[in-house]
Every structure is written in C-alpha cells, then in structure tokens.
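Please read through the structure below; I'll follow up with questions.
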Amino acid sequence: MKRITSARISQLLFLVLFLVLFINTEYRGRDEINGAVNAFFRADPLVAAAYLLAAKAFTWLLLPAVLLLVATALLGRFFCGWICPLGTILDLLGGRFRRRGAPSLFTGNAKYWVLLPLLGAALAGINLAGLLDPLAILVRGLAFSLHPLLGDTTRGAWVGLYRVLGEGRDLLAPGYALIRDHVLPFRETAYPLAFLSALILAGVIGLEGCESRCWCRRLCPLGTLLGLAARFSPFNRRPEKLCADCRACSGLCPTSFDREILQKEECIFCMECAVRCPSARVRFLPGSPLAGEGPLLPQRRVLLGGVIGGLLAARFFRFRDPAAQARVLRPPGVRDEGAFLAACVRCGECMKVCLRSALYPAVLQSGVEGLYTPVLIPRLGYCEYNCTLCGQVCPTGAIPNLPVPAKKREVIGKAVFDRNHCLPFAKKINCIVCEEHCPIPAKAIRSRRVLDTDDQGRQVELLVPYVVDELCNGCGICENVCPVEGKAGIEVFAVKDRTPLREFQGPVPVEKGGDPYG
Amino acid sequence: MERRTFLKLVGLSSLFAEGAFRRLFAAPQPTVAVARGKDYARTTRSALALLGGMKRFVKPGDVVVLKPNMGWDRTPAQAANTHPLVVRALAEEALAAGAKRVKVFDRTCNDERRCYVQSGISDALKGMKGVELKFIENERFRRVPIKGAVLPAWELYDEALSADVFINVPVAKHHGLSRLTLGLKNVMGVMGGNRGSIHRHLDDALADINSVLKSHLTVIDATRILTDHGPQGGSPADVKVMDTVIASTDIVAADAYATTLFGLKPEDIPVTVAAHKRGLGEMNLKRVRIVTA
Ligand code: SF4
Ligand code: SF4
C-alpha cells in the first residue's frame, strides 16, 4: 500500500464502515438497531446463492446481493478490490510476509472444489456457505475471539486499577465509560469455537505468506462466485497481456498476472497496473463480454464432483445425539429446525448482538451440519422478554424480525422442573426465584402452598412451583437465575411444536392457592 | 458517627432487650411522612419537607447514594420500578442540600442497560451535573462480616457502604415470596453473589443485611403500586394508582405504613416482623407519628 488510489480510499472507508457497524451490532439504549454489519451480508451474493438453493425461496432481504451480482457482471470483481473488508485487511497486512509462492494444492480447480460442495450442500438443505464466506469468517473471528479479547483485557486493566486505587478510580470513570460504551463488548462472554474462529481468520491471513491475495484468488467461495459473474463483464483491460518490453504488471498486480494474460475472473479492479504503468498504457475499456482465457465453467468432472460431494456431505453429517439435541434451543421465532438450517448462514450476527449473551455457536450439539449455528444456553444467558435484536440483525431472516408483542409469544422451548434439584422439592426449602423472574405477566411459573415435613421432622409451609405450559415461551430466565449451584432445578428443553402462545388478553386468572398467605 | 462505630454499637445494643435498644436509638417516636398528589416531584418534596427537609440528612460535600428499585425491564406505568420523577426529585434535593455527588445504581434482574432505560430513570437523570447513573461493577462487591442470624458474611457494594448518606428508594409492590417488597427488601439490590439463595430464609437474611447497611432515609414510591404478580408484574390490571410518597428515617415504620396501602397489616409481612424483632425499627403503627400533607 504505497500509493493512495481511489480503490485504496474506498477500501479504507468500507473497512471503517464495517468496523463501525460491527461495534454497533449491540444494544445501544434503543429497541431498534440502526445499522448492523448485516448490511454487508445482505449484499453478499454467496449468502444469497446459498439461501436460494437451500431454502428454495427468495427473500427481499437479499436484494442488495442480487444487485451486487448484476453489478459484478457489468463491471467485474470490483467488490474484492474496493469493498471487501477482509480483502482490505489482507492488503494491509500482506506486505509484512515473505512470499513463498502458491502451494500447488490450491492452484487450478481448488476454488471450485470449495465453492461447489458448499452449493451442493445448500441444495440438500444445509446452508454451509457461511463457514467459508469471507465476511462471516471475519465477523466470527472478531465477534467470538478478538473483540471479547479486547474487552477482557481492557476490563481486566480497569479491574486492576480498582485493586490499586479503590474508589479513587472513579476519577477515570468517564474515560472508561466512553470506551466501554463505544468500543468494547458490553458483556464478558466466552464463546465456544473462539479458538477455531481465530484460527480460521489467522489462516486466511497467513496465506499471504504464499502470495498476495492467495485466499481471494485460490479459495474464497465468494470471490469465485463473483469471478464467474465477472467473466460476463464487457470491461476489458487493454493491453490484455503483459507487454513484452516491460512486464511490470506481473509485479504490480496482486492477483492475476502470474500468467501471460490477465485472468479476468481474478482481476479485482484495484487499478494498481493502470496507475503505475511506466508508460501509461493501461486502460479498462468496454468491449466484448466473455473475453478472456479458458472456459467459463470448470470441467464437468469438477462441476459434478463438487456438487455431488456437497450433496453427499450434507447427508453424511446428519447424525445428531438425541441427548444434546434435546437442549438445542433456537433463537426466538425459529419454528422449524430444517428451515432454520437452510436459512442460517452462520454469520454470527445474532450471537454478537444478543443482549444477554444467550446465544452461542453450536459446536456439535446439533450435529456437524449445525456447526456455528446459534443455540441459546439458558444457564449462561436468557432471552430478554422485550428484546428483538437477533431478528433485526439476521441477514437472511432465519430468525424472523418480529414486532415485540409477537416475539414475546414465540416459543423457544418449555421449562421443566427437576425435582431432584429444585429446592422446595428436594430440600423442602422455599425459594421461587424462578417464579419471581418469569417475565410473562400472567406467570408461566406459579406455586401451590403445601404443608410438608422437612427432613428434621418440622412442619413447613412450602411454595411448590409448577410450570403452566400454555404460558411458557422458554425464554430461560428461570434456568438462568435458579440459585441451585451447577445443574439448575428447572431447565428449558427443546420442543417440536413451537406454535406461539395465545395472545394475552388481560391477566390469565391465577389459581388462588398460589398465594401463600391468602 | 462513623458508620463502622455505629454498626458496632448496633451490634452491641442488640444484645440488650430489644425494647431498651429501641428507646435508645429510635426514641422517642419514629415519624413517617406521607404525602399525596399527582405531581410526583412535588409530592416527593412534600414528604421530605415533613421530615425536616433534605438538609437534615445531607451535609455540604456529602456523597449521596440513591438506591431506587430499577431491577426490571418494565416501564414506569407497569409499577415494577421506582418512578423516575421520585428519583429525580430526590437527586435534585440532595444536590440543593449541597451533596458533592449523587450516585444512583441497582443490581438489576433483567439486562441492566434495558432496565436503566425502560425504567425512565436514565432519561430522568440525563444531563444532571453531579449525578451519576452507574452500572454495577462486580469488582466493587466487598465481603462484609455480618454475623447475623443466618448470614455470617456477604458481598455488599462498596459505593453503598462508603456513602455518607444512603437513601433507600423502593417502589411498593407485591412479591410472591415475601408478599410485599418495600424498603427492607430493596437493599437486595446492593448484594453481590448468589443472592437468590437467601430466599430460603429471606426474612432473617434481609434483617441481617439491613443491620449492616443502614438506610439513613427511606422514601417509598407508592405513586402507583403493583398489587399482584410481583415483583415484575407487566399487566396494567395489577397496577393501582395511589399518588402517595412515604418517607421516614425508620425503615421498618415506613414499610409498615406502606403495607396498609395494600389492605394488609404490618404483621402480615414476615420481613417487617423479622426486622422489628431485630430492633431495626418500629412496626407498631400506634407507636409511630404519622404526618401527612
Ligand atoms: S435471543 Fe433474545 S435477548 Fe438475545 S438477541 Fe435474540 S431476542 Fe434479544
Ligand atoms: S441465525 Fe444468526 S448466524 Fe444464522 S444467519 Fe441469522 S444472524 Fe447469522
């Protein structure tokens, strides 16, 4: 990055925009989120393609992606050289590496062996595209690893200051509040797959050690898809080959001049060659579309093999452990597991935004096919009754964006008491912390007044809780706050039938025995 | 008197007969001020005035803590949190009395950011110089020896402990276990740790906490009360508008009076009884001077 070109400026602006949106994918004192990184995902043609194939439906949410694809077919793969924040990061860091040259494994058809199985799996209803989507890799790396790391370290220092200064630290509090409110994640959350997410991101960056933009040209499924569209672009570079008297392009071009002729599907329109050509010969001019070297599509063998591989993989990874499955709680509004797996691109947005850090990437609890999809873990965080943020940021509508009253009635699961742990049952001790926290105005947890004898033979008046299934939306706050250590006395389990609760019309009559003194 | 010495004295004196203690400290007769009116800021001020005004409690340069109940992601109309106008009026009065800083916080049950916003308190205090609305920071909980009836020690919030004046500002509402939640229960908001676990002997545990964290002034917001499905309610059918603010230096007396707004008697509330037995205040309303405006 020596010379400032329009492409460079655009790259930096989009990177800043991306980071600002990323940080603002968080509750900021208002029920609605104004801008979230999901804007990038909505413009992501790979996300759109996978969604179309998997859900076999269209959603207007993804219209920007279609527009970007059309623009790419007209102008070429400018997204990669002007917009993609991961590409910008690679350009910023790439200069630090000593290039060793592309590993032979990645040359040739490798990129199709990445893209096609993803699309094949999507056809089988499993939307794995996000696993290797560059934006998703970046968001997950930030959301699960780097951003929490930044939060923990800063907060650690802040706590350390308290140990040293005590309340004297208050002098610095306004400064810290500024950082906390505008830069750090609000909660200290440890995510599963944090290491893997960081590793994948680091791996992509590490490929810069082979050649510049190695990931972008050799593997990135979004880039490959855009490259296919770019072949239709009528814009062609002139001269299209290296000039025999100069050949400077081969050193300037970050992607496509390792052969004699420009690889149209790899050119990212960074304009380095045009700006720096010693004899100012380079122009990008309208001409015939479909020009360029090589066939449009990879050989049939690759095409078929890739797609079939994906289809098969989607079948082979279906196994699910029933015990783990019982605890796979999806975000509010998700009613059907199959439809969810087809629509979720595993971008990590919902988990980033979740107010109570209730959502975590699935490791294996929903099978290999569910890797990185969001699951709610009530013991770590519950779904806040009045919150609708995850539905607002989900780029594909896998989590529907519902108005607050509708979301409150969506069923995540159903709470069940465990009499071996719940204090009134197991220890004959009054508690009802769960009832107290249940957000349903008519109370999905209630209690009966029961006279009982405790283990010392004393008469006790106990409030014995029970769940009203018709009112429970499975938000998980009961399990979250249950004071029993370790395993909670009440737990939320997944249910197949997630028909929303009936509309509340005023308070549902409470069984009067529920009042201990009345 | 230093809080610590005071506490020691309280501890020592509880060794005496409870009656003797009460005569020593709460003597001769605790006062409960009750003000009514639709203008909640004014009502709050009248209640204060009946007690002799904020200047009686706050000296110039003091650090004042207001501990409202803002534990729930509910709006003011839902009566689960202290009314923002009551909190604001108290903050203004404290500043007017010369307070150096007014700190407002609560350890919330729902997401703290949403609670602070939805309760209306964040908006009400916006832009007030010298007033800090702060989130709880875990490192600030300090393990305090209590040697109480059921709690040997507990983590309490340093800013509540070190305040020159601690003003307890609960909202009066129903509670499934303690029947009502008022001033004595509101101090749960400065407890750290697994506070849900004290529910097993809630009454004694709350008396324990209140014996180490003394409320210099208790202002009960009964502008509207939650009569059922507490402590968070949510249904307007459970809310009753009372337009009342109650203030007292005797937390037990304040709670005892507030109980009557629900058509209940102070002895119906086990927490009040436990605190009274512990000598934390007077629950017999016949022995309380009730002044109204
Ligand atoms: S899971 Fe619940 S709390 Fe978390 S973002 Fe979604 S709606 Fe909000
Ligand atoms: S459900 Fe979450 S991870 Fe999946 S697409 Fe929506 S926001 Fe992204």
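The values are calculated or read from the model by the stated rules, or taken from the named source; none is laboratory data. Owing to the predicted nature of the structure, the values given are computational and were not obtained by experimental measurement. Backbone-built Cβ (ideal geometry, glycine too); neighbour counts: all protein chains shown. Just the protein is used for accessible areas: all its heavy atoms, side chains included, with ligands, DNA and RNA removed. Shrake-Rupley method; radii C 1.70, N 1.55, O 1.52, S 1.80 Å.
Among rounded, prolate and oblate, which fits chain A when a ≥ b ≥ c are the square roots of the eigenvalues of its C-alpha gyration tensor, a/c under 1.5 means rounded, and a/b larger than b/c means prolate?
prolate
Normalised by the number of residues in segment A:281-379, what is the relative contact order in percent for Cα pairs under 8 Å and 6+ residues apart?
Result for segment A:281-379 is 27 percent.
Let me ask something else about it. Run the numbers on segment B:217-232: which residues show a drop of 20 Å² or more in accessible area, chain on its own versus all protein chains together, using a 1.4 Å probe over heavy atoms?
B:Asp228, B:His229, B:Pro231, B:Gln232
Can you tell me how much longer the chain between A:Phe319 and A:Arg96 gets when fully stretched, taken as 0.36 nm per residue apart minus their C-alpha distance, in nm with one decimal?
Length gained, A:Phe319 through A:Arg96: 75.9 nm.
Then there's this: Compute the distance from the alpha-carbon center of segment A:401-480 to that of segment A:119-143, in whole Å.
The two parts, judged by their Cα centres, are 39 Å apart.
What FRET efficiency comes out for A:Ile179 versus B:Ala153 if R0 is 25 angstrom and r is the Cβ-Cβ distance? Round to the nearest 0.05.
E(calc), rounded to 0.05, equals 0.15.
With a 1.4 Å probe and every protein chain kept in, tell me what percent of the accessible surface of segment A:322-402 is carbon plus sulfur.
It is 65 percent, rounded to a whole number.
What does the charge count near B:Tyr40 come to, summing +1 for each Lys or Arg and -1 for each Asp or Glu among other residues with Cβ under 12 Å from its Cβ?
The answer is +3.
Give me the one-decimal nm value for the distance between modelled label points at A:Ala202 and A:Val20, 7 Å along each residue's Cα-to-Cβ direction.
Taking the two extended label points, one gets 3.2 nm.
Please find, in a Gaussian network model of chain B (springs between Cα atoms separated by less than 10 Å), the residue of B:Asn81, B:Asn210, B:Asn194 whose mean-square fluctuation is greatest.
For chain B, modelled as a Gaussian network with Cα springs under 10 Å, the answer is B:Asn194.
Given a 1.4 Å probe and every protein chain left where it sits, what share in percent of the accessible area of chain B is carbon and sulfur?
54
If DNA, RNA and ligands are ignored and the probe is 1.4 Å, what is the ranking of A:His421, A:His182 by accessible area, most exposed first?
These residues rank, largest area first, as A:His182, A:His421.
Further, regarding this structure: From the phi angles alone, apply the Karplus equation (6.51, -1.76, 1.60; θ = phi - 60°) to segment A:463-480 and give each ³J(HN,Hα) in whole Hz, x where the residue is Gly or Pro.
9, 9, x, 8, 9, 9, 4, 5, 10, 7, 9, x, 5, x, 5, 4, 5, 5
For chain A, what is the mean residue ellipticity at 222 nm derived from helices alone (per DSSP H run of n ≥ 4: -39500 (n - 2.57); sum divided by total residues; nearest 500 deg cm²/dmol)?
Mean residue ellipticity at 222 nm (helix-derived): -11000 deg cm²/dmol.
Now for a separate question. Rounded to the nearest Å, what's the spacing between the alpha carbon centres of segment A:162-213 and segment B:250-283? Just the number, please.
49
Note down the accessible area of A:Val363, probe 1.4 Å, to the nearest 10 Å².
Its heavy atoms expose roughly 50 Å² to the probe.
Then there is this: At a cut-off of 30 Å², which residues of segment B:98-143 become less accessible once all protein chains are present than in their chain alone, using a 1.4 Å probe?
Flagged in segment B:98-143: B:Cys109, B:Asn110, B:Asp111, B:Glu112, B:Arg113, B:Arg114, B:Val117, B:Phe135, B:Glu137, B:Glu139, B:Arg140.
Rolling a 1.4 Å sphere over the protein heavy atoms, what is the accessible area per residue of segment A:322-402, to the nearest Å²?
Spelled out: the 1.4 Å probe surface of segment A:322-402, per residue, equals 23 Å².
Can you compute the modelled spin-label distance between B:Ser162 and A:Phe232, with each label point 7 Å from Cα toward Cβ, in nm?
Here the modelled spin labels are 6.7 nm apart.
Under the definition of Cα pairs under 8 Å and six or more residues apart, what whole-number percent is the relative contact order of chain B?
25
In square angstrom, what is the accessible area per residue of chain B with a 1.4 angstrom probe?
Per residue, chain B has an accessible area of 36 Å².
Report A:Asp152's accessible area, 1.4 Å probe, all protein chains in place, as a number in Å² to the nearest 10.
70
I'd like to check one number: the per residue accessible area of segment A:411-494, probe 1.4 Å, reported in Å² as a whole number.
Dividing the accessible area of segment A:411-494 by its residue count gives 39 Å².
Nearest 10 degrees is fine. How inclined is helix A:147-165 to the longest principal axis of chain A, computing both from alpha carbons?
Relative to chain A, helix A:147-165 is tipped by roughly 60 degrees.
Mind listing the long-range amide H neighbours of B:Val144? Cut-off is under 5 Å, sequence gap 5 or more, other chains count too, H placed in the peptide plane at 1.01 Å from N.
HN-HN under 5 Å from B:Val144: B:Trp154, B:Glu155, B:Leu156.
List the trypsin sites (Lys or Arg not before Pro) within segment A:292-331 that fall in a DSSP loop (any state other than H, G, I, E or B) and whose Cβ has at most 15 other Cβ atoms within 10 Å.
Qualifying residues, ordered by number: A:Arg318.
What nm distance separates the two modelled labels at B:Ala49 and A:Leu13, each placed 7 Å from Cα along Cα→Cβ?
Taking the two extended label points, one gets 6.0 nm.
Okay, moving on. Quantify, in whole percent, the carbon and sulfur part of the accessible surface of segment A:427-492 (1.4 Å probe; protein heavy atoms only).
In segment A:427-492, the share of accessible area belonging to carbon and sulfur is 47 percent.
In percent, how large is the relative contact order of chain A, given Cα pairs closer than 8 Å and 6 or more residues apart?
Once normalised by length, the contact order is 17 percent.
Tally Lys/Arg at +1 and Asp/Glu at -1 over every other residue whose Cβ is under 13 Å from the Cβ of A:Pro185; what's the total?
Neighbourhood net charge equals +3.
Calculate, in nm to one decimal, what A:Lys56 and A:Val450 gain on full extension: separation in residues at 0.36 nm each, minus their alpha carbon distance.
That works out to 136.4 nm of additional length.
Just B:Asp39, B:Asp228, B:Asp243 to compare: in a GNM of chain B, with alpha carbon springs under 10 Å, which one fluctuates most?
Greatest mean-square fluctuation among the candidates belongs to B:Asp39.
When only the heavy atoms of the protein chains count and the probe is 1.4 Å, how do A:Val302, B:Val273 rank by accessible area, highest first?
Most to least solvent-accessible, the answer reads B:Val273, A:Val302.
If I take R0 = 41 Å and measure r between the Cβ atoms of A:Arg247 and A:Leu296 in this structure, what FRET efficiency does the formula 1/(1 + (r/R0)^6) give, to the nearest 0.05?
That gives a FRET efficiency of 0.90.
Given a Förster distance of 30 angstrom, what is the FRET efficiency for B:Asp243 paired with A:Asp418, based on the Cβ-Cβ distance and rounded to 0.05?
Given R0 = 30 Å and the Cβ-Cβ separation, E is 0.10.
If you don't mind, another one. Return the value, in Å² to the nearest 100, of accessible area buried between chains A and B (probe 1.4 Å, both sides summed).
The summed interface area works out to 3600 Å².
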